[in-house]
Amino acid sequence: MRAEWAKAKRLVVKIGSSLLVDGASGALKADWLGSLCDDIAKLRRDGKEVIVVSSGAIALGRNVLKLPKGPLKLEDSQAAAAVGQIDLAHAYEDAFRARGLIAAQVLLTLGDTEERRRYLNARNTMTTLLSLGAVPVVNENDTVATSEIRYGDNDRLAARVASMMSADCLVLLSDVDGFYTAPPGSAPGAKRLEEVRDITPEIEAMAGDVGSELSRGGMVTKIEAAKIAVAGGTHMAIASGKVLNPLQALAEPGGCTWFLAHADPVTARKRWIAGTLEPKGAVIVDKGAAEALSRGKSLLPAGVTRIEGAFERGDAVVIKNGEGAELGRGLAAYDHEDARRILGRKSGELPEILGYRGDPELIHRDDMVLHRRG
Ligand code: GLU
């Protein structure tokens, strides 16, 4: 078994529509879903956390609404998703419940993973669901997402979810069993690659478009997904879901393509916080807090003496000591106005000052990178 898969603690599994929904009848393939959920239950027993990103809402709903075959207008696909998502969620709920697991429906729009404040919210909710033992089943909120603000395909959505959740592996299960040197079928000598260490322009050029009627994502979106995943420190596999127990098959050698990340998700996330995000303000901390940070603690409002700049919840801020030296950077759990109201205050006092129950930390240690000691 590949070490990436064996060692992974947190997995995201993306299910393409054509696996779940029969193209001719539009019915849900219950046996296949059952076998997938058996695999997920096994992974959970092995101590792994699993997040599912599932397509299928449009494919299920279009059949119920008797919409014509072929590409749909945006309004029709949104209507189909509104109908089909109910069936999809029920199908997962039933299949997981039969295996002693709890399904949690999470519908995301592009902004939930791109916009800082909502990103923190989505990440927190999904982390809570995992810690409570539920299996998040994610789809795009197709009904409200119009063309400019939608992912449109679940390959990229799954990659965003994987990097947002610092997952170790992302598996794209669909009707293609890997990444080929040329579109299989159209080019006779096309070979499946076992692993891709760097997504070079050559690799990108190999991605012809092998989509199927039901799923939007062809190879091009899968390569886009791979870029997002590996940048976030997540290894990504393209594997066939056309077999029963598709995740068990993935554990066997060969048989799929792995896109390998060069850093682990925590390192990649810290690099993103440290370097990619433009800081929107600063928090000045006292000696005690600086000391606590260097011992790996989160930053509590009690240790903050001053706030600079205008930032939103989820924005990057610089952490400075009393002399103005930069200690590190992190994502603020409060906007600048609330942060000013709670600075110097004990965490227990916050709900009364704010009028709501927010995070006890101003910057959580998972959202922080330190450059130097206090
Ligand atoms: N969100 C769409 C659905 O559930 C699927 C998009 C895709 O196939 O990538 O039907």
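Details
Conditions tested, residue by residue: (1) at pLDDT 95 or above; (2) not charged (D, E, K, R).
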position	(1), (2)
13	yes, yes
41	yes, yes
46	yes, no
73	no, no
76	no, no
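- Residue within region 113-131 that is within 15 Å of the ligand (Cβ to nearest atom) and crowded, with 18+ Cβ neighbours inside 10 Å present: yes
- Residues of region 168-188 satisfying the condition of being touching a His at 6+ places or on another chain (Cβ under 9 Å) and assigned to a loop (DSSP other than H, G, I, E, B): 168
- Counting residues in region 77-84 that are within 22 Å of the chain's Cα centre (by Cα), on the phi < 0 side of the Ramachandran plot and β-branched (Val, Ile, Thr) gives zero.
- Residues (part of a helix (DSSP H, G or I) and either closer than 15 Å to residue 132 by Cα or without any contact (Cβ under 8 Å) to a residue 60 or more places away in the chain (or both)) located in region 97-118: 97, 110, 111, 112, 113, 114
- Of the helices (runs of 4 or more DSSP H) that lie entirely inside region 237-320, those containing 2 or more residues that are more than 24 Å from residue 197 (Cβ to Cβ) span 246-251, 287-294.
- Positions within region 164-180 being modelled with pLDDT of 95 or more and within 20 Å of residue 204 (Cβ to Cβ), in sequence order: 170, 172
- Scanning region 84-93 for residues that are more than 11 Å from the ligand (Cβ to nearest atom), crowded, with 19+ Cβ neighbours inside 10 Å and aliphatic (A, V, I, L, M) turns up just one, 91.
Per-residue answers, yes or no, for (1) surrounded by fewer than 18 Cβ atoms within 10 Å (Cβ to Cβ); (2) farther than 28 Å from residue 265 by Cα; (3) away from the ligand (no atom under 12 Å from the Cβ):
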residue: 1; (1), (2), (3): yes, no, yes
residue: 6; (1), (2), (3): yes, no, yes
residue: 9; (1), (2), (3): yes, no, yes
residue: 20; (1), (2), (3): no, yes, no
residue: 30; (1), (2), (3): yes, yes, yes
residue: 49; (1), (2), (3): no, no, yes
residue: 75; (1), (2), (3): yes, yes, yes
residue: 82; (1), (2), (3): yes, yes, no
residue: 97; (1), (2), (3): yes, yes, yes
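- Enumeration of residues in region 301-336 that are of a type in the set (Phe, Trp, Tyr) and touching a helix residue (DSSP H, G or I) at 6+ places or on another chain (Cβ under 6 Å): 311
- Any hit, region 139-154, residues being within 18 Å of residue 13 (Cα to Cα), more than 16 Å from the ligand (Cβ to nearest atom) and within 11 Å of the chain's Cα centre (by Cα): no
The values are calculated or read from the model by the stated rules, or taken from the named source; none is laboratory data. Note that the structure is predicted; figures quoted are calculated from it, not measured. Positions of Cβ are backbone-derived with ideal geometry, glycine not excepted, and every protein chain shown enters the neighbour counts.
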